[in-house]
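Working notes, structure below.
The values are calculated or read from the model by the stated rules, or taken from the named source; none is laboratory data. All figures in this text were calculated on a predicted structure; none of them were measured in a lab. Don't worry about glycine lacking a Cβ; one is built from the backbone with ideal geometry, like all the others, and counts go over all protein chains shown. Accessible surface is based on the protein model in full, side chains and every heavy atom, while ligands, DNA and RNA are left aside. Shrake-Rupley method; radii C 1.70, N 1.55, O 1.52, S 1.80 Å.
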Amino acid sequence: MRLKHVAAVSLAAIVATILIPASGPSRAVAQAPEDGDLLSEESGSLTLFMGAGGGTFHEINTVTVGDYPYAVAVADVNGDGRPELAVANSDADTVSLVFGLGLAACQPVQNLTVGTGPTALAAADFDGDGRPDLAVANSGDNAVVVLRGAGDGSFERTAQVAVGPHPTALIATDVNHDGVPDLVAADTGGASLSLLLGTGQGRFHPAVSLPVGRNPDALLATDVNGDGNVDLVASDFRDDTLSLLLGDGEGGFRNAGPLPVGRQPDAVVSADLNRDGIPDLAATNFEDNTVTVLYGTVRGTFLPGPQLGTGDGPDGLVAADLDGDGTVDLATANYDDNSVTLLPGRGDGTFGPPQPIYTWTHPTSLSAPDVNGDGILDLVVTSSGMDRRPSPVASHAAATSLVVLEGLACAIP
């Protein structure tokens with residue numbers, strides 16, 4: 001059962017697995033076209049798949065963070081030039097900071113107490129000091145907490161702002177052109193988004209409610225009509241639609257009507273999928289086991305595109321050039337069959353055959369950072385269980401492993 005829509009089951013420990021590409025082929029969990037890496041998370045494990053080129057991905061060992069890791073943010077929080085991972089642990093009421101990816105030295109995992117049921121994260125410089133800060137949506141508190149970064153990997157809690165019921169998605173973006181990051185939370189327990197305008201001092205004005213469809217479960221910021229203003233798209237889980245809110249550049253939004261997709265849309269991304277210079281949309285449909293593609297137009301409207309098959313219960317979604325061929329690919333985290341599906345883009349808005357990577361139980365979200373600085377995107381996957389389904393396509397060779405046990409993270413040659 002998925003944490004987004006039911007109460008979470010507490011686990012004694014969370015294991016995170018990290019996969020890093022080696023010079024030769026290491027344990028390739030799957031084969032996809034060209035160079036990209038994948039990162040996924042589940043309640044119970046955090047998995048990093050690192051790309052070795054040609055769409056091949058390799059695995060490294062396990063990382064222990066908190067109970068039920070639910071979301072990941074990527075930022076260089078200590079100024080070492082390498083990305084760190086911030087992991088929201090919903091059952092532990094903490095955020096874990098994972099340091100030292102790809103390094104030989106062990107570094108402690110730092111756990112921050114943030115509130116009840118953290119389910120979403122955003123990293124940005126909220127106070128203008130040049131250092132990344134964190135914002136955390138706590139679904140159990142109906143609030144967003146702001147953590148001020150000191151630039152050395154430490155954080156101080158500086159603000160808490162009330163939002164709508166059960167927030168499970170959070171983004172940082174500048175909606176009013178004042179150069180200050182604002183926050184938008186998806187109030188999954190209701191039918192609204194909460195807009196928090198930033199002050200520039202690390203604090204936020206009281207939330208403004210923006211009506212959308214029922215149970216908004218995912219959220220993105222983009223400019224769909226080319227007017228230079230931030231627009232918002234939310235996935236309405238109970239209405240089988242996407243809500244499109246057009247921004248006026250001053251913090252106001254106009255609801256441009258629902259966009260029909262499949263049943264139970266659970267994640268949404270924006271990218272130029274057909275190389276026409278206009279943002280397109282893609283949304284996972286949890287009940288249909290598909291991704292819906294919508295092609296953007298110059299007027300800011302959308303035309304129906306293909307329905308792409310995925311694994312069972314697609315939950316997380318990422319759009320990036322995962323194979324290094326210059327076109328945008330899609331990848332889904334499939335909650336019900338313990339897999340990630342790679343959908344290689346052809347550059348014309350269509351996609352090649354789906355290709356599976358098997359991971360830990362119940363993967364829920366994806367992001368695609370370059371964690372080791374090799375110019376190839378990696379995938380981070382969160383998962384809600386600790387059992388592993390073996391891949392039908394695997395090869396073996398040397399690899400670099402990152403292991404985190406009892407709060408220590410070590411890269412082992």
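The table below gives the values:
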| item | result |
| --- | --- |
| Close pairs (6 angstrom Cβ cut-off, 6 or more residues apart or separate chains): closer than 22 Å to residue 167 by Cβ in the stretch 235-261, of a type in the set (Lys, Arg) anywhere | 236/214; 238/214; 239/214; 240/263 |
| Odd one out for residue 210, checked against (1) of a type in the set (A, V, I, L, M); (2) under 17 Å from residue 188 (Cα atoms); (3) within 20 Å of the chain's Cα centre (by Cα) | (3) |
| Strands (runs of 3 or more DSSP E) contained in the stretch 313-388 and holding at least 2 residues small (Gly, Ala, Ser) and either open to solvent by 10 Å² or more (accessible area, probe 1.4 Å) or in contact (Cβ under 8 Å) with a residue 60 or more places away in the chain (or both) | 314-320, 329-334, 363-367 |
| Number of the condition not met by residue 202 [criteria: (1) more than 25 Å from residue 365 (Cα to Cα); (2) small (Gly, Ala, Ser); (3) in contact with a Gly (Cβ under 7 Å, 6 or more places away or on another chain)] | (3) |
| Strands (runs of 3 or more DSSP E) wholly inside the stretch 46-101 that include at least 2 residues being modelled with pLDDT under 90 and either over 18 Å from the mean Cα position of the chain (by Cα) or not small (Gly, Ala, Ser) (or both) | 56-59, 62-64, 69-75, 84-89 |
| The stretch 139-153 residues that are more than 21 Å from residue 163 (Cβ to Cβ), paired with ones that are aromatic (Phe, Trp, Tyr) (beta carbon under 6 Å, 6 or more apart) | 149/155 |
| Tally, over the stretch 66-80, of residues that are open to solvent by 40 Å² or more (accessible area, probe 1.4 Å) and farther than 18 Å from residue 147 by Cα | 1 |
| Pick from the stretch 111-134, criterion assigned to a strand (DSSP E or B) and in contact with a Ser or Thr (Cβ under 7 Å, 6 or more places away or on another chain), ranking: surrounded by the fewest Cβ atoms within 10 Å (Cβ to Cβ) | 113 |
| Any hit, the stretch 229-248, residues being in contact with a Leu (Cβ under 6 Å, 6 or more places away or on another chain) and among the basic types (Lys, Arg) | no |
| Selection from the stretch 222-236 of residues that are among the small types (Gly, Ala, Ser) and either open to solvent by less than 10 Å² (accessible area, probe 1.4 Å) or in a strand (DSSP E or B) (or both) | 234, 235 |
| Residues of the stretch 242-253 satisfying the condition of being open to solvent by less than 20 Å² (accessible area, probe 1.4 Å) and not small (Gly, Ala, Ser) | 242, 244, 245 |
